[in-house]
Amino acid sequence: DLYSGITGYHHTVLNRIIRTADGNVPTLFGRRAYFDRALARMAQTGIHSRSVRKDPNYKLAKRQWRQAINYPIQGSAADLMVRAMFEIYDRYYGTDVRLISQVHDEIILLVPEARAQEVAAEVSRIM
């Protein structure tokens, strides 16, 4: 199977919610999101149970499951971006380089043309 690891990842995340006391899912850097353990059990059971899928809370359980599966990936990407922005800010604070914005996985800087290549190389190293 080309994507056989994905199903295992889904079960790993869901099982973590169920077995931890507070239903947390962490990013790679330890930031945590908390999910309802009962809803996680329902999502896990509902995959194979028609009666559970009829429960009014099942849609909520499935939404939470999708959020829990997505959180470690998207949350870790956000953590990496924040760390990169802090490092870039610290590196160029007080210079003629300005951190303007961040969009998805890009950081927008205002850089004098004469320093563009140098700054681009350093920012690439940081990120």
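The values are calculated or read from the model by the stated rules, or taken from the named source; none is laboratory data. Model, not experiment: these values are computed from the prediction. We place every Cβ from the backbone using ideal geometry, glycine too, and count neighbours over all the protein chains shown. Note: areas computed on protein heavy atoms with side chains; ligands, DNA, RNA excluded. Shrake-Rupley method; radii C 1.70, N 1.55, O 1.52, S 1.80 Å.
Would you check which residues across segment 87-100 are part of a helix (DSSP H, G or I), touching a strand residue (DSSP E or B) at 6+ places or on another chain (Cβ under 7 Å) and open to solvent by 100 Å² or more (accessible area, probe 1.4 Å) and list them? Of everything in segment 87-100, just one residue is part of a helix (DSSP H, G or I), touching a strand residue (DSSP E or B) at 6+ places or on another chain (Cβ under 7 Å) and open to solvent by 100 Å² or more (accessible area, probe 1.4 Å), namely 89.
Of all residues in segment 33-77, exactly one satisfies the criterion of being over 14 Å from residue 12 (Cα atoms), among the hydrophobic types (A, V, I, L, M, F, W, C), out of contact with any helix residue (DSSP H, G or I) (no Cβ under 8 Å at 6 or more places or on another chain) and modelled with pLDDT of 80 or more, namely 77. For segment 59-86, filtering for residues that are over 14 Å from the mean Cα position of the chain (by Cα), surrounded by 15 or more Cβ atoms within 10 Å (Cβ to Cβ) and among the charged types (D, E, K, R) leaves 1.
For the subset of segment 1-41 comprising residues that are among the basic types (Lys, Arg) and not in a loop (DSSP other than H, G, I, E, B), which member is most open to solvent (accessible area, probe 1.4 Å)? First the steps, then the outcome.
Within segment 1-41, the subset among the basic types (Lys, Arg) is 16, 19, 31-32, 37, 41.
Among the residues that remain, those that are also not in a loop (DSSP other than H, G, I, E, B) are: 16, 19, 32, 37, 41.
On the way: 16: 63, 19: 166, 32: 104, 37: 79, 41: 102 Å².
Step by step, filter segment 1-41, then rank; the result is 19.
Output the residues belonging to segment 105-124 that are acidic (Asp, Glu) and surrounded by fewer than 11 Cβ atoms within 10 Å (Cβ to Cβ).
106, 113
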